[in-house]
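A short worksheet on the structure shown next.
Coordinate-derived values only; no laboratory data. It should be emphasised that the depicted structure is a prediction, and the values quoted were computed from it without experimental measurement. Here the Cβ positions follow ideal geometry from the backbone for every residue, glycine too, while neighbour counts run over all protein chains shown.
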Amino acid sequence: MIAATTILAFEPNRTLTQYADYGQWEQAQRQPPKSATAAAKDTRPAAQSAPKKKLSYLEAREYASIEQRITEAEQRLQSKRTALEDPAIASDGPKLVAAQGEMESAQNDLDKLFARWAELQEKAESLSRR
């Protein structure tokens, strides 16, 4: 007569689990099943498990003023673009390169402001949907 030394059980989530004996398997069957998503939630840090309820004070202040800052950045970009298109600069290489650099810097600043505005807007909207 051959005796089994372990028990292999096919679980409902299509996994194969090995138990030391029949008693261990019975005990596992009595416990409520722990889903994979519940197990993943248990391992997350506490700081990530509770989302923020509202924009922080600094984010709210930034969000309130960012449209004005975008308008100012757009005006600054337009003035740099106008300076770059000045015919007097077109014939002076170093001034042309400097004006091009200033315009690119103004464009980068504007792009960063738009990205931050979109981020704050998305956060504010996701909080208002709750």
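Along Cα→Cβ, 7 Å out, is where each label goes; now give me the distance between the ones at Gln75 and Ser105 in nm to one decimal.
2.0 nm
Explain nothing, just compute: Karplus ³J(HN,Hα) = 6.51 cos²θ - 1.76 cosθ + 1.60, θ = phi - 60°, for every residue of the stretch 113-125 in order, whole Hz, x for Gly and Pro.
5, 5, 5, 5, 4, 4, 5, 5, 4, 5, 5, 5, 5
Identify the GluC sites (Glu not before Pro) of the stretch 83-130 meeting these criteria: DSSP loop state and at most 11 other C-beta atoms within 10 Å of the C-beta.
Taking the stretch 83-130 and a limit of 11 other Cβ atoms within 10 Å, the loop GluC sites (Glu not before Pro) found are Glu85.
What length, rounded to one decimal in nm, is gained on full extension from Arg116 through to Thr6, with 0.36 nm per residue of separation minus their alpha-carbon distance?
Residue separation times 0.36 nm, minus the Cα-Cα distance, leaves 33.8 nm.
Apply the Karplus parameterisation 6.51 cos²θ - 1.76 cosθ + 1.60, with θ equal to phi minus 60°, to every residue of the stretch 86-98 and state each ³J(HN,Hα) to the nearest whole Hz, in sequence, with x for glycine and proline.
For the stretch 86-98, the Karplus curve yields 5, x, 5, 7, 4, 8, 10, x, x, 5, 5, 5, 5 Hz.
Using each residue's phi in the stretch 64-71, evaluate 6.51 cos²θ - 1.76 cosθ + 1.60 at θ = phi - 60° and report the 3J(HN,Hα) Karplus result to the nearest Hz, with x for Gly and Pro.
Each residue of the stretch 64-71 in turn: 5, 9, 5, 5, 5, 5, 5, 4 Hz.
Roughly how many nanometres apart are two label points built 7 Å out from the Cα toward the Cβ at Leu55 and Ser91?
Distance between the two pseudo-spin positions: 5.0 nm.
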